[in-house]
1. State in Å² the accessible area per residue of the stretch 124-203; use a 1.4 Å probe, count heavy atoms of protein chains only, and round to the nearest integer.
2. Could you derive backbone 3J(HN,Hα) for the stretch 74-85 from the dihedral phi with the Karplus parameters 6.51, -1.76 and 1.60 (θ = phi - 60°), listing whole Hz in sequence and x where the residue is Gly or Pro?
3. Got a number for carbon plus sulfur as a percent of the stretch 31-131's accessible area, 1.4 Å probe?
4. With angles folded into 0 to 90 degrees, how steeply does helix 139-149 sit against the dominant principal axis of the chain? Use alpha carbons for both and round to 10.
5. Long-range amide H contacts for residue 190: which residues qualify at under 5 Å (H placed 1.01 Å from N, peptide plane, sequence gap of 5 or more or a different chain)?
6. Each residue of the stretch 27-43 in turn: what ³J(HN,Hα) in whole Hz from Karplus with 6.51, -1.76, 1.60 and θ = phi - 60°, glycine and Pro shown as x?
7. Write out the trypsin sites (Lys or Arg not before Pro) in the stretch 1-43 meeting two conditions: DSSP loop, and at most 14 other Cβ atoms within 10 Å of their Cβ.
8. How large is ³J(HN,Hα) for each residue in the stretch 160-174, as worked out from phi by the Karplus curve 6.51 cos²θ - 1.76 cosθ + 1.60 (θ = phi - 60°), to whole Hz, x for Gly and Pro?
Amino acid sequence: FDEFQERPFATMFIAQIHRAHLKRENIWVAVKVMRPDAPAMYAKDMKLFRHIVRVMARLNIANYLRLEEAMWELDQIAKEETDYRFELTNTRLMRRKLKKHDILVPKPVKAFCNRHVLVTEYITGVLLSAYIKMSESEVEKVKKWEVDNNVNPGKIGKKLYSSFFRQLFEDNVVHGDLAPGNIVLLKNSRLAFINFGSVDRGEVNIIQRVRMITK
């Protein structure tokens, strides 16, 4: 890097994200760095959960909840959350899948990614969460911004709706956390999705039911 902004522009429970510039590639990137104590934090939580499950099993409490299977799920989540190579793989997969939806996914710079660091191209836009918040308090400013940037809320809503169901029914690979904080508004009513810490796949019988309900 020939420039690295020490102050993060985003922070999360176990990570923070910095804006930086890659000298050789001549591009701005987002550098997601994991907190060094993140694995220990997850291990501590998992130890507590296992203790609770053992006590409940001995006392024969809520066996119908299949808590052992739930613990296995939590173990998998902890592994994925503390290893950014999973997110790198998810990002590359969804970048390929969402291209046909005309939705941008930041390109990872694989050479600089590892278990604790994820580097992707920096996308300039407005988070949908910020847009929603501003729409409630600064109505006129938001309307002007929409006109200046050719942003049509109705078109964006239809694109989000369409993309979600296409992810579900065409590929059965869905963004695991498609919240407003992970959706970026771009000029000309285009969208970008970020933060692919997890992707979801539905069970066949559930997909069939949702397909029937949707029809």
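1. On the way: 4560 Å² over 80 residues.
Solvent-accessible surface per residue comes out at 57 Å².
2. Per-residue couplings from phi come out as 5, 4, 5, 4, 4, 4, 5, 5, 9, 8, 6, 5 Hz.
3. Numbers: 3790 of 6540 Å².
Percent of accessible area from carbon and sulfur atoms in the stretch 31-131: 58.
4. 70
5. Amide H neighbours of residue 190: none.
6. Values, residue by residue: 9, 7, 9, 9, 10, 8, 10, 7, 5, x, 9, 4, x, 5, 5, 5, 4 Hz.
7. Values: sites: 19, 23, 24, 32; in loops: 23, 24.
Taking the stretch 1-43 and a limit of 14 other Cβ atoms within 10 Å, the loop trypsin sites (Lys or Arg not before Pro) found are 23, 24.
8. 5, 4, 5, 5, 4, 6, 5, 4, 6, 8, 7, 10, 6, 9, 10
The values are calculated or read from the model by the stated rules, or taken from the named source; none is laboratory data. Fair warning: this is a prediction, and the values are worked out from it, not measured in the lab. Cβ atoms come from the backbone with ideal geometry, glycine included; neighbour counts cover every protein chain shown. Keep in mind that these areas ignore ligands, DNA and RNA; they rest on the heavy atoms of the full protein, side chains included. Shrake-Rupley method; radii C 1.70, N 1.55, O 1.52, S 1.80 Å.
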